[in-house]
Amino acid sequence: VQLQASGGGSVQAGDSLRLSCAASGFTFSDYGMGWFRQATGKEREFVAAVTWSGGSTYYSDSVKGRFTISRDNAKNTVYLQMNSLKPEDTAVYYCAAAARGICLRDGSNYAYWGQGTQVTVSS
């Protein structure tokens, strides 16, 4: 199983970034997918998630209206479009996969995790 996150970088406040996470080694379309982040010195937090079909999405209050999660089951890839970035969005972003029927806001429910990609937003 592999989850390869990419697309991070250093940007200015107000800029946009698009993260991608390419999955392999499991049946991608059977899994809900989520993005989490962890800032230095802080606990990991939920950012966004999408159900196996893409029919439902969930966001943390801190990113709602600015971030959009989507998936392409034909490409085994999940995306996180991040707009209007703020310095407080600075963190390592991780993608993760969870079996169907699981609460996608809870990181402990995820079976597989990627290696993370750094996002740094300067003011």
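Things worth noting here:
- Label point at residue 99 placed 7 Å out along Cα→Cβ; residues across region 28-60 whose backbone nitrogen lies under 14 Å: 30-32
- R0 of 22 Å, Cβ-Cβ distance residue 38-residue 86: FRET efficiency to nearest 0.05: 0.85
- Cysteines in the chain that lack a partner Cβ within the 4.7 Å cut-off: 103.
- Surface share of carbon and sulfur [accessible, 1.4 angstrom probe, percent] for the chain: 44 percent
- GNM remark for the chain: springs join alpha carbons under 10 Å apart, and the peak mean-square fluctuation among 29, 20, 108 falls on 108.
- Region 67-83 and region 1-49 have their alpha-carbon centroids 9 Å apart.
- Estimated from the Cβ-Cβ distance and a Förster radius of 25 angstrom, the FRET efficiency linking residue 120 and residue 26 is about 0.25.
- Accessible area per residue, Å², region 8-123 with all protein chains present, probe 1.4 Å: 48 Å²
The values are calculated or read from the model by the stated rules, or taken from the named source; none is laboratory data. Note that the structure is a prediction, hence the values are computed from the model and not measured. Methodologically, a virtual Cβ is constructed for each residue, glycine included, from the backbone with ideal geometry; neighbour enumeration extends over all protein chains shown. The protein model used for the area step is the full one, side chains on, heavy atoms only, and it has no ligands, DNA or RNA in it. Shrake-Rupley method; radii C 1.70, N 1.55, O 1.52, S 1.80 Å.
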